[in-house]
Amino acid sequence: MNNNIDLSNSKFLKIARFQQKIDDHISQCLTCERKCKIAEGKVGFCQTRINRDGKIYCIVYGLIPALSFNPIEKKPFYHFHPGSTALTVGTYGCNFSCFFCQNHHLSHPSKKIYDIVKNSHEFLSPEKFIKIAIKNNCQGTSISFNEPTLLFEYSLDVFKLAKKKGLYNTYVSNGYMTEEVLKELVKNGLDAINIDIKGGADMVQKYCGTDVEKVWRNANLAIDLGVHVEITTLIIEGLNSDEEIIKSIAQRILEELGELTPFHISRFFPQYKSVDYGYKVPTPLKTLYNVYDIAQDVGLKYVYLGNLPNTKYEHTVCPNCSKIVIKRVIFGISELNLDNKGNCKFCGFSICKM
């Protein structure tokens, strides 16, 4: 990066909440577990943190290129405020390097993010965000599309305002934030998080450049802090579809997060650099059904298949009485057999957080 780049007048600039100074020329970002040491005038791995005058700044605060009104089921959250709508936003950048990224136009844009920032004029303040949500009858917020941790400072301000208006707050994340960041999110109103477990340790290190144990740590911490947690794994044939890997993920969900933690198994479609790595076709249905059976055999009560046409694999069955309590059709709900507390209407078993 050119040290002469000037973002001093940018409305998207916000001092990073967690950081430390290493020396006169280097400061360390403590937002995610990469903990980038950033020299003066440079940016970190995600491109959204810059060292300016010895301090780390987020450069995408309020920079929102993606905004939509999403059913909460699209996140996916299947056991959290079913049938509700979340105002969903995202920015640019990512702290992972996955070649199979499904939102690469945001996570890995063709232009340098600081160049995008310099030429951007749209600024969505937290106040306007909440006004839009309320005007459009949304019940909550969701930071998603790219990695939401990069909008950490923005999230805190949005979440606090959302809570005052009775809205819930959610993250759809790779789960690689530091413990301090996760605790601060919860303190300021994070209600639910869907965490992407991308595979086993070797696969995640090789293709994402990260340590999956930090992700598992955060999934456990989120539950300890009272956050609703759901897990998603994108299944890619030959990469993370091995029976041992799937059984290991399902077993850890069962033993560490609990048998009632929803596990979303998502079908891969070639995106971003997938073809360059030799992954040219969608995940075979046979593989998905096999993964589903493995997860169920381990003992998980809520296993779902995603990125498929309407199937029985997206319905919720009560673990207690075995009756269908939620029927879903393309991110919508066609039948809801729950009371207003999220309990099964047939037997009273607790199904969803409302």
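The values are calculated or read from the model by the stated rules, or taken from the named source; none is laboratory data. Small disclaimer: the values here were computed from a predicted structure and weren't measured. A quick note on method: Cβ atoms are made from the backbone with ideal geometry, for glycine too, and the neighbour counts reach across all protein chains shown.
Give the residue that is surrounded by the most Cβ atoms within 10 Å (Cβ to Cβ), with candidates limited to residues of segment 197-219 that are in a loop (DSSP other than H, G, I, E, B) and within 15 Å of the chain's Cα centre (by Cα).
If we take residues in segment 197-219 being in a loop (DSSP other than H, G, I, E, B) and within 15 Å of the chain's Cα centre (by Cα), then Lys198 is surrounded by the most Cβ atoms within 10 Å (Cβ to Cβ).
Just the residues that are among the aliphatic types (A, V, I, L, M), under 13 Å from the mean Cα position of the chain (by Cα) and under 15 Å from His79 (Cβ atoms), please, taken from segment 223-243.
Of everything in segment 223-243, those that are among the aliphatic types (A, V, I, L, M), under 13 Å from the mean Cα position of the chain (by Cα) and under 15 Å from His79 (Cβ atoms) turn out to be Val229, Ile231.
Tally the residues that are part of a helix (DSSP H, G or I), of a type in the set (Phe, Trp, Tyr) and under 23 Å from Gln20 (Cβ atoms), restricting the search to segment 144-182.
2
Matching residues to (1) assigned to a helix (DSSP H, G or I); (2) within 15 Å of Gly299 (Cβ to Cβ):
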residue: Leu221; (1), (2): yes, no
residue: Gly226; (1), (2): no, no
residue: Thr232; (1), (2): no, no
residue: Gly238; (1), (2): no, no
residue: Ser248; (1), (2): yes, yes
residue: Ile253; (1), (2): yes, yes
residue: Ser266; (1), (2): no, no
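Being more than 12 Å from the chain's Cα centre (by Cα) and under 30 Å from Lys111 (Cα atoms) is the filter here; which residues of segment 79-94 pass it?
Ala86, Leu87, Thr91, Tyr92, Gly93
Could you please tell me which pairs satisfy a Cβ distance under 6 Å, a separation of 6+ or placement on different chains, a first residue in segment 60-89 that is touching a residue at least 60 places away in the same chain (Cβ under 8 Å), and a second residue that is among the acidic types (Asp, Glu)?
Matching pairs, first to second residue: Tyr61/Glu153; Phe77/Glu230.
It is to be established whether one or more residues within segment 122-140 are assigned by TED's automatic domain parsing to the domain that holds Ser274, within 29 Å of Gly200 (Cβ to Cβ) and charged (D, E, K, R).
Looking for residues that are assigned by TED's automatic domain parsing to the domain that holds Ser274, within 29 Å of Gly200 (Cβ to Cβ) and charged (D, E, K, R), one finds none in segment 122-140, hence no.
When the residues of segment 40-60 are filtered to those that are touching a helix residue (DSSP H, G or I) at 6+ places or on another chain (Cβ under 9 Å) and in a loop (DSSP other than H, G, I, E, B), which remaining residue is farthest from His25 (Cα to Cα)?
Val60
Within the bounds of segment 97-106, is there any residue that is over 24 Å from Leu305 (Cα atoms), in contact (Cβ under 8 Å) with a residue 24 or more places away in the chain and not assigned by TED's automatic domain parsing to the domain that holds Ile324?
Scanning segment 97-106, I find at least one residue that is over 24 Å from Leu305 (Cα atoms), in contact (Cβ under 8 Å) with a residue 24 or more places away in the chain and not assigned by TED's automatic domain parsing to the domain that holds Ile324, so the answer is yes.
How many residues are hydrophobic (A, V, I, L, M, F, W, C) and in contact (Cβ under 8 Å) with a residue 40 or more places away in the chain if we restrict to segment 159-203?
The total comes to 8.
Which of (1) more than 23 Å from Lys206 (Cβ to Cβ); (2) among the hydroxyl-bearing types (Ser, Thr, Tyr); (3) in contact (Cβ under 8 Å) with a residue 24 or more places away in the chain is the odd one out, the single condition Thr311 does not satisfy?
Among (1) more than 23 Å from Lys206 (Cβ to Cβ); (2) among the hydroxyl-bearing types (Ser, Thr, Tyr); (3) in contact (Cβ under 8 Å) with a residue 24 or more places away in the chain, the lone unmet condition for Thr311 is (3).
Hey, could you check segment 62-117 for residues that are of a type in the set (Val, Ile, Thr) and in contact with a Gly (Cβ under 9 Å, 6 or more places away or on another chain) and say which is surrounded by the fewest Cβ atoms within 10 Å (Cβ to Cβ)?
In this case the residue turns out to be Thr85.
For segment 116-142, give me the residue count where each residue is in contact with an Asp or Glu (Cβ under 8 Å, 6 or more places away or on another chain) and either part of a strand (DSSP E or B) or under 12 Å from Gly166 (Cβ atoms) (or both).
Matching residues across segment 116-142 total 1.
If Gly306 satisfies every condition in (1) among the small types (Gly, Ala, Ser); (2) modelled with pLDDT of 95 or more; (3) closer than 23 Å to Ile351 by Cβ but one, which is the exception?
(2)
This table checks each residue for (1) assigned to a loop (DSSP other than H, G, I, E, B); (2) more than 18 Å from Asn146 (Cβ to Cβ); (3) among the basic types (Lys, Arg); (4) modelled with pLDDT of 95 or more.
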{"site": "Asn4", "(1), (2), (3), (4)": "yes, yes, no, no"}
{"site": "Arg17", "(1), (2), (3), (4)": "yes, yes, yes, yes"}
{"site": "Gln20", "(1), (2), (3), (4)": "no, yes, no, yes"}
{"site": "Gly62", "(1), (2), (3), (4)": "yes, no, no, yes"}
{"site": "Asn70", "(1), (2), (3), (4)": "no, no, no, yes"}
{"site": "Tyr92", "(1), (2), (3), (4)": "yes, no, no, yes"}
